[in-house]
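Taking it in order: structure first as C-alpha cells, then the write-up.
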C-alpha cells in the first residue's frame, strides 16, 4: 500500500463550482466565487479585509509592498522556513536577519528576537510551523515597542487559533497558502493576504489591480482608472477561487478527518517522547492546531535515517522538512555560516515530517501506524 | 442585442481538460497539463524555453529578476501601455523612461528610443499594441549597439508573426498574457515567459520555484533542494494550464473567427480612413496580426465621444483604451508632465477600441457593423 506524503482533498462540490466558474466566462480574479470565498473567510473568522492571490508567496510580496519594504531594510525571520518567506522581502532589497527557533514548536524563538533589532529593522516575519501559531501576542508586543510591522507567514495554519483568536486576525498582515499541499487548496495554487490595518485596504486593492484605481471605477466613484501606485497582478482566477470555496464549505469534514490523523500519531509517538527517544510538539492550551502536519525530532540523525529508509521500504513517504535558509547557498551569500544558528542546524538534521492528509482517516492510517510501530520498536527496542 | 467589449472563447474541451486536471489531484504548477501546454508552444512556435506563470505581469516580473534589474536602472518603454508593463520593473526600483509612440501602430516609436539611452539604461520594454508586433528587429539592433536587454511585452500578440518569425522568438525575453480578455486564456488568469538566452534557462527554473533548485531534484541531479537564488512562485495551476491547452488546440478556430471580425471592421472603417475622417492601422507586409483587437483614432475627441455615446445607446460596448502612464498620478511622481509626450496625449484622447471576440463571428458582428455604419454616417455625413 502506497502512502504518499500528501494527497489533496477534492469533493464533488469542487467539480461543480469549478465548472460553474468556467461556464460563467467571467473567471478572471475577484469575480463571483472569489467574492464568495472572501465573504466566507470574513464571516467565519472576522478578518477585516482579505485579498485572494495566486500564491502565499504573492500574498507576502503584496504585504511587503504594502509595508513599503525598501532596499536595506532588515527583516527578522526564522531560518527554519520555506524559501518563499525570505524571498518575498529580499526581492525588494530587504536584508534577512535569521533568528533561532524554539525546539518545542520549531517556530521563531521569541526570546531571541529583540537582540536582533537594529535601527534598520522594519519587519518581523514569523511562521506558523506545521499549523501551530507562533507566539504572536508576544511578537506584537515587541513590534509595538520598536515600531515594527509584523507579517505572519501562516502558509500552514489557516483555520487554527491563538488564544481563541483565529490565525490571521492578530498581526498587521497575514499570508495564507492554499497550495495543493495545504489543508484546503485553491485548485492547486493559491494564497490569501489578510490586512488588519484599515488605512491600507484601499491601497491593497490598488496594488492587487496592477497599481490602478480600478476598484474606484467598480465602486462607481470614478469613471476611468489610471496608474496610481506600485503593484502587480495579485489576483486568483475565479476557477481556483471556486475550488477554494468548495473546500471552505467542507472545512469541518476536512478538519475532523485530519484530527484523526493527529490523534493516531500522538497515540504512537507520545510514549517515545515521554521515554526521551524523540520529541514531538506538546499541545499548548492557548493554541489550537489546524491539524496541518506532524513532525518528529529524533534523538540523532542516524535514527532519523533508519526511520526514513525503513518506511520507504513499506512505500510510506516521509519528508525531511526544510534545509535551514541561513546555511543554504543564498544564506551564505548574505554572510551567514551554519554555526551561526546551531540549534536550527541541529534540529533540521533530526526532524521528519510524517504523511498527512484527510484521506488517510479513511484509508491508510492503520497501515501507517502499524508500520511505524514496527520501525520504532526496531530502533528503540 | 448586447455586444460586450469582450467575451472569452470556451469550448467543451476546456471543461474536459479542467476536470481531468482537477481529478488528477496533482494540479499545482508544472504538472501534466502545464508540461503539455509548454510542449505545444515550443513545437508550434519554436520557443527555446517557456515558463507558464500566474499572469503576464508575473512573467514580466520574472523577466526583470532574470535581467537583474536593480534600483536606479533605467527602462525605456512607451507611455501608451497598461500599468503592468511599468510596474513589473519599478517594483524592483527601476526608473521608467517613457518614449513616444508611432501614430501608425500606437507602438513605441523606434526612431525616438536612442535619444533616451543613458549610461543607466538597462532594458528596452516595448509592447505589441492590439496584437501587432513592435518593430522588434530594429529594437534589437539598438539594444545590441548599447548592450541592453529587450523584454517584449507581447501580452496581446501571442500567435502573431514578425517577418515570418513568431512573436516571442526574437528578443531576449517575451511575456504573453493568457488573461480572460485575450485571444486564448488560461482559466481567466495566466501568462507565459519566453526566455531566448540559453544561459538563463536554469536560473529561470530556480526563480519560478521560489528560488530553490527543486528542478535539479526533479531531474534526479540532486537529492534535496535548497535556497539558491531570488525568486517567487511563478507557477500556473495545472487546472488553468489545462484550459489553456484546450484553447491552444482550438487556436485555428479562434483565429479564423477573429479574422472575420477584423475583416468586417476594415470593410467599414477603411473608407473613412481613406477619406481622412479617422485613422486605423494599415496592415504591413512584414507583420501578421493575431487579430486581437481593432482600434480607431478619430479626428477629434468630440467625434470620439459621439461615437461612444451613440453605440452605448445600442448596447454596444467600446472602450477608450489606455490613459497614458506618463501623465497619470504615478507618472507625475516620476517627474513627467502631460506635455512631455504630446503625441501620446493627443492620440489617447481620440482612440477607441472596438468590441472584439471570436463569438462575434457567429453572432453580433452584423448588428455591430450595421449600428456603427449608422453612427459613422451621422458623424461624417
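Each value in this text was obtained by applying a stated rule to the coordinates, not by laboratory testing. Here the structure is a predicted model, which is why all the values come from computation and not from measurement. So basically every Cβ, Gly included, is an ideal-geometry build from the backbone, and we count neighbours across all protein chains shown.
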| field | Shape of region A:161-250, Cα gyration tensor, a/c cut at 1.5 | value | oblate
| query | What are the extents of the Cα atoms of region A:340-381 along their three principal axes, listed from largest to smallest and rounded to whole Å? | reply | 44, 29, 7
| request: Compare the peptides A:267-274, B:59-66 by average per-residue count of other Cβ atoms within 10 angstrom and give them in order, highest first. | output: B:59-66, A:267-274
| query | Taking each residue of B:51-58 in turn, how many C-beta atoms of other protein chains fall within 10 Å of its C-beta, and what is the average? | reply | 5
| task | Answer rounded, prolate or oblate for region A:138-186, using the Cα gyration tensor with square roots of eigenvalues a ≥ b ≥ c: rounded when a/c is under 1.5, else prolate when a/b is larger than b/c, else oblate. | result | prolate
| query | Which ordering of B:207, B:1 is given by a fewest-first count of other beta-carbon atoms within 10 Å? | reply | B:1, B:207
| task | Show me A:79-90, B:36-47 ranked by packing, highest mean number of other Cβ atoms within 10 Å first. | result | A:79-90, B:36-47
| message | Using a 10 Å cut-off around each Cβ, can you sort A:67, B:55 from fewest to most neighbouring Cβ atoms? | response | A:67, B:55
| query | How high is the relative contact order of chain B, in percent, with contacts defined as C-alpha pairs under 8 Å that are six or more residues apart? | reply | 23 percent
| said: Quick check: the angle from helix B:251-274's long axis to the longest principal axis of chain B, C-alpha only, nearest 10 degrees? | reply: 30 degrees
| message | Which residue fluctuates most in the GNM of chain B (Cα springs below 10 Å): B:302, B:28, B:327? | response | B:302
| message | Defining the label point at 7 Å along Cα→Cβ, can you sort the distances from residue A:302 to the same site in each other copy, shortest first, in nm? | response | 9.2
| request: Please find, in a Gaussian network model of chain A (springs between Cα atoms separated by less than 10 Å), the residue of A:135, A:189, A:114 whose mean-square fluctuation is greatest. | output: A:114
| message | With an 8 Å Cα cut-off and a minimum separation of 6 or more residues, compute the relative contact order for region A:35-178 in percent. | response | 22 percent
| request: Before rounding to the nearest 500, sum -39500 (n - 2.57) across all DSSP H runs of length at least 4 in chain A and divide by the residue total; then give [θ] at 222 nm in deg cm²/dmol. | output: -12000 deg cm²/dmol
| said: What does the structure give for B:218-228 when I average, per residue, the other chain Cβ atoms found within 10 Å of the residue Cβ? | reply: 4
| note | In whole Å, largest first, the alpha carbons of region B:310-381 cover along the principal axes 47, 31, 18
| What average number of partner chain Cβ atoms lie no more than 10 Å from the Cβ of the residues making up B:203-211? | 3
| Going by alpha carbons, how many degrees (0 to 90, nearest 10) lie between the helix axis of A:238-249 and the longest principal axis of chain A? | 50 degrees
| task | Once you have a ≥ b ≥ c as the square roots of the Cα gyration tensor eigenvalues for region A:251-380, tell me rounded if a/c is under 1.5, and otherwise prolate or oblate according to whether a/b is larger than b/c. | result | prolate
| remark: Taking r as the C-beta separation of residue B:70 and residue B:39 and R0 as 45 Å, the FRET efficiency to the nearest 0.05 is 0.85
| Which angle between 0 and 90 degrees, to the nearest 10, do you get for helix A:12-24 versus the longest principal axis of chain A when only C-alpha atoms count? | 20 degrees
| query | Using r as the Cβ-Cβ distance of residue A:302 and residue A:138, and R0 as 41 Å, what FRET efficiency do you calculate, to the nearest 0.05? | reply | 0.70
| note | Taking Rh as the Kirkwood radius computed over alpha-carbon pairs of the protein assembly as shown and applying Stokes-Einstein at 20 °C with viscosity 1.002 mPa s, one gets a diffusion coefficient in µm² s⁻¹ of 79 µm²/s
| request: Between the alpha-carbon centers of region A:1-68 and region B:1-62, tell me the distance in whole angstrom. | output: 18 Å
| said: List, shortest first and in nm to one decimal, how far the label point of residue A:35 (7 Å from Cα along Cα→Cβ) is from its counterparts in the other copies. | reply: 4.0
| said: Between B:155, B:275, B:241, where does the largest GNM mean-square fluctuation fall for chain B, given springs only between Cα atoms within less than 10 Å? | reply: B:275
| note | Taking a crude spin-label model, label points 7 Å out from Cα along the C-beta direction, the residue A:223 to residue B:312 distance in nm is 0.6 nm
| request: Return P(r) of chain B (all Cα-Cα pairs; 20 Å bins starting at 0; whole %; ordered from short to long distances). | output: 28, 57, 15, 0
| said: If neighbour count is taken as other Cβ atoms inside 10 Å, put A:299, B:366 in order from fewest to most. | reply: B:366, A:299
| task | Considering only chain B, pick the residue with its Cβ nearest the axis of the rotation onto chain A, and state the distance in whole Å. | result | B:54, 2
| Euclidean distance of C-alpha centroids, region A:198-235 and region A:287-315, integer Å | 45 Å
| task | Mind computing the radius of gyration and Dmax over the alpha-carbon atoms of region A:1-121? Å is fine for both. | result | 19.3, 56
